[in-house]
Amino acid sequence: MRTLFVLLCFLFHTVALNAQVTLVREAPNDSFDLACADCRLTVAGVAITKGQHAMPMNLKKPVAVNLLMWRYYDDILKKEVLMAHEPYWTTSVLLLDEIPPDEMLSLHINLLWTDSAGQTHNMFLVLAGLNKGNLALLPLTTVYDESDTYTPLRFAAIAQITIGNDGLWETYDSIEGSATLDHFNPRTGAVGGYFQFTARCIGMEKLGFFVNGVFNR
């Protein structure tokens, strides 16, 4: 019986230690003025995908076909291929043109934010729950909705803020905010608008306030 009691005490102590290890660390909230002096916000990539995505897509690791791609028949390869820009030497079709008017879509915008110290950070936005008609009637405003992931015209954002020079970063996931699309030309890739959001730092009791986000390409 004593052996069993000691074993139970050891197990309880081990569980308690593990619970302490997994406690979320607290840290002061932080604010990021994306339009600060000497700051720069650059559009790194734009994509439109079928369906309504709850989270933005990293266009360096796409998980869905970008409907802003052009399809054409390659006479050398003897098959249809996709290209990021409209080929000037042959006829082609924009994939988005083949999508029905009422098809639910998501617009993904990847940004690079360079702060006043010259450090570069990644930001990923998604304007989801829209269709081609919405994109033709600008400006278009989308708002974060925590209660319904698939509400129409929903905005979400993720920010990766680089920490120091060791390649480490903090990841922030939006909990409120909005984005407005001012102009967008799917045929040329021109895009512009503004956004702001509040986000929770993943793995920490910490909030990030991202303000004055203005992008243009």
Residue list for segment 49-74, restricted to those being of a type in the set (Phe, Trp, Tyr) and open to solvent by 90 Å² or more (accessible area, probe 1.4 Å)
Tyr73
Val46 being surrounded by 10 or more Cβ atoms within 10 Å (Cβ to Cβ) and either modelled with pLDDT under 95 or farther than 23 Å from Ile158 by Cβ (or both)
no
Write out, first by first residue and then by second, each pair whose Cβ atoms fall under 8 Å of each other, whose residues are 6+ apart or on separate chains, and whose first residue, in segment 136-148, is farther than 18 Å from Phe184 by Cα while the second is outside any loop (DSSP other than H, G, I, E, B) and open to solvent by 90 Å² or more (accessible area, probe 1.4 Å).
Tyr144/Glu176; Glu146/Glu176
Would you check if Leu77 is free of Cβ contacts under 8 Å to residues at least 24 places away in the same chain, open to solvent by 80 Å² or more (accessible area, probe 1.4 Å) and in contact with a helix residue (DSSP H, G or I) (Cβ under 9 Å, 6 or more places away or on another chain)?
no
Of all strands (runs of 3 or more DSSP E) fully inside segment 167-217, the set with 3 or more residues that are loosely packed, with under 15 Cβ neighbours inside 10 Å is 168-185, 207-216
Under the condition of being among the charged types (D, E, K, R) and over 22 Å from Ile202 (Cβ atoms), which residue from segment 149-189 is modelled with the lowest pLDDT?
Arg187
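The values are calculated or read from the model by the stated rules, or taken from the named source; none is laboratory data. All of these numbers come straight from a predicted model, not from anything done at the bench. In this analysis, Cβ positions are derived from the backbone assuming ideal geometry, glycine residues included, and neighbour counts consider all displayed protein chains. For the accessible areas, the whole protein counts, side chains as well, though only heavy atoms, and no ligand, DNA or RNA atoms are used. Shrake-Rupley method; radii C 1.70, N 1.55, O 1.52, S 1.80 Å.
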